[in-house]
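Working notes, beginning with the structure itself.
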Amino acid sequence: MTNTYPQNIGIILLLAFLAAIGPLSIDTYLPSLPAIATELGVPSSAVQQSVGAFLIGIAGGQVIAGPLSDRYGRRPVLLVGFALFFVATIACALAPNIETLNAGRLLQGLAASASPAAGRAMVRDMWAGNEAAKAMSYITMAMVVAPLLAPLLGGVIISVGHWRMIFWALLIFAAAALALVMIKLPETNGPAKRGDIKLINYFRAYGSVLSQQQSWAYLLCGGFSLATMFAYITGSPFVYITFFNVPEKYFGFLFGINVMGLFLGNLINARLVTRFGYVRMLGFGVVLALFGAAMLMLTSYLALGGIMAVVVGLFITVGPASMVGANSTVGLMNLFPRNAGAAMGLFGVAQFGLGAVASVMVSVFYTGTPVAMALAMLITALCSFFAFIWLLTTHATAPQQRSY
């Protein structure tokens with residue numbers, strides 16, 4: 001297949017920015033949860049429900065946003081999504097009670113789902129094969145770096161102002177996204193590509209996606225990889241601050257080390273994917289993450305190496321997340337070039353749904369030591385590895401679908 005567009009760093013950076021809005025919305029306000037509970041006069045558990053509300057919205061919304069972008073185009077879905085996000089963010093900023101805040105967060109999640117569903121599908125509209133994987137590396141990096149940096153941003157905002165300022169900051173991001181989509185983003189799924197196919201047929205595409213073993217393998221491989229990172233995000237504050245007694249002002253530094261790992265993983269993938277192919281690079285990332293998770297689990301269980309062993313283990317485990325996410329995304333979209341939006345909708349459900357499960361696992365396993373986080377990360381890394389092995393068997397039995 002011939003690429004429709006030349007590789008354009010401006011478009012890639014814009015898509016990366018749009019993709020980061022959802023993850024930023026998830027984690028930026030996490031440092032403010034205690035303050036919200038105090039001001040609204042509710043227990044912490046009630047405020048924590050707002051996190052779940054957003055995850056439900058962004059996961060479920062992609063099931064709708066994907067087919068809509070396939071039928072009506074990418075730009076309309078993105079414009080409506082960010083307009084709704086703008087309104088929902090104002091509702092959160094002005095929320096007088098926890099019920100309004102939770103409802104606003106649910107609507108925020110539904111609106112934010114437009115970006116991963118339609119935005120990532122635009123990559124498949126413009127590029128194919130390893131060229132798409134190269135572009136997706138940068139977009140996926142934004143999606144995995146954003147939730148790592150978001151708590152730092154939220155911490156800075158709440159240290160100088162009120163928790164509602166966090167939502168006003170998100171409003172600025174939403175306004176910028178709306179303006180950039182209107183001014184800079186081309187429509188990559190125009191009427192000539194869409195034809196006169198009815199909307200219901202695009203929803204039926206979910207059946208086609210889920211009927212293939214390769215689809216399930218890509219969904220689970222990429223989904224469990226992001227779940228590994230969610231386990232890290234959930235567990236690391238307790239590990240560093242509570243267990244190792246790291247001062248809160250230094251937590252951001254330790255948290256940010258893995259951002260460099262993600263940049264490194266993205267750089268390696270972008271440089272090598274056109275040479276080795278996205279399937280081989282996917283395998284490299286999965287194996288490296290499993291090695292890191294196994295090392296982290298061993299040192300945590302045996303209490304070896306102290307905080308340095310945890311830092312190194314996390315760096316090796318979290319770093320490949322952008323690589324695995326980018327290549328599994330492209331592999332799935334290459335199977336369904338005419339239904340890339342629907343495919344990305346399901347991919348989003350897998351990522352955020354399994355990420356929520358991983359966060360729960362950390363809480364369930366928690367014993368006051370790094371073992372809970374390490375165990376959750378090892379389980380998700382193992383699941384991602386087994387999904388990749390399954391993918392290899394599907395390629396072996398379906399050579400006509402290989403894209404190395």
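Annotations
- Pairs, first under 17 Å from Gly355 (Cβ atoms) in region 307-325, second surrounded by fewer than 22 Cβ atoms within 10 Å (Cβ to Cβ) and at pLDDT 95 or above, C-beta under 7 Å, six or more apart: Pro320/Leu288
- A single member of Ala91, Ala46 is of a type in the set (A, V, I, L, M, F, W, C), modelled with pLDDT of 90 or more, farther than 17 Å from Leu18 by Cα and part of a helix (DSSP H, G or I), and it is Ala91.
- Residues that are farther than 20 Å from Thr242 by Cβ and of a type in the set (Gly, Ala, Ser) within region 297-335 comprise Gly319, Ala321, Ser322, Gly325, Ala326, Ser328, Gly331, listed in sequence order.
- Residues that are surrounded by fewer than 24 Cβ atoms within 10 Å (Cβ to Cβ) and either modelled with pLDDT of 90 or more or outside any helix (DSSP H, G or I) (or both), drawn from region 262-289: Ile268, Leu272, Arg275, Phe276, Gly277, Val279, Arg280, Gly283, Phe284, Val287, Leu288
- Criterion: touching a residue at least 24 places away in the same chain (Cβ under 8 Å) and either within 25 Å of Phe82 (Cβ to Cβ) or hydroxyl-bearing (Ser, Thr, Tyr) (or both) - qualifying residue of Met281, Met182: Met182
- Identity of the residue in region 64-92, of a type in the set (Phe, Trp, Tyr) and farther than 17 Å from Pro191 by Cα, that ends up farthest from the chain's Cα centre (by Cα): Phe86
- For Glu99, the conditions (1) assigned to a helix (DSSP H, G or I); (2) of a type outside the set (Phe, Trp, Tyr); (3) crowded, with 19+ Cβ neighbours inside 10 Å all hold with the exception of (3).
- Ser236 vs. criteria modelled with pLDDT under 90 and at negative phi: yes
- Of the criteria (1) surrounded by fewer than 24 Cβ atoms within 10 Å (Cβ to Cβ); (2) in a helix (DSSP H, G or I); (3) modelled with pLDDT of 90 or more, which one Gln108 fails: (1)
- Qualifying residue in region 225-245 (condition: within 19 Å of Gly119 (Cα to Cα) and either touching a strand residue (DSSP E or B) at 6+ places or on another chain (Cβ under 8 Å) or not charged (D, E, K, R) (or both)): yes
- Among the residues of region 242-261, those that are of a type in the set (A, V, I, L, M), assigned to a helix (DSSP H, G or I) and surrounded by 15 or more Cβ atoms within 10 Å (Cβ to Cβ) comprise Leu254, Ile257, Val259.
- Residue within region 368-391 that is touching a helix residue (DSSP H, G or I) at 6+ places or on another chain (Cβ under 9 Å), modelled with pLDDT under 90 and at positive phi present: yes
The values are calculated or read from the model by the stated rules, or taken from the named source; none is laboratory data. Just so it is clear, the structure is predicted and the values come from calculations on it, not from any experiment. Note that we place each Cβ from the backbone using ideal geometry, even for glycine, and neighbour counts take in every protein chain shown.
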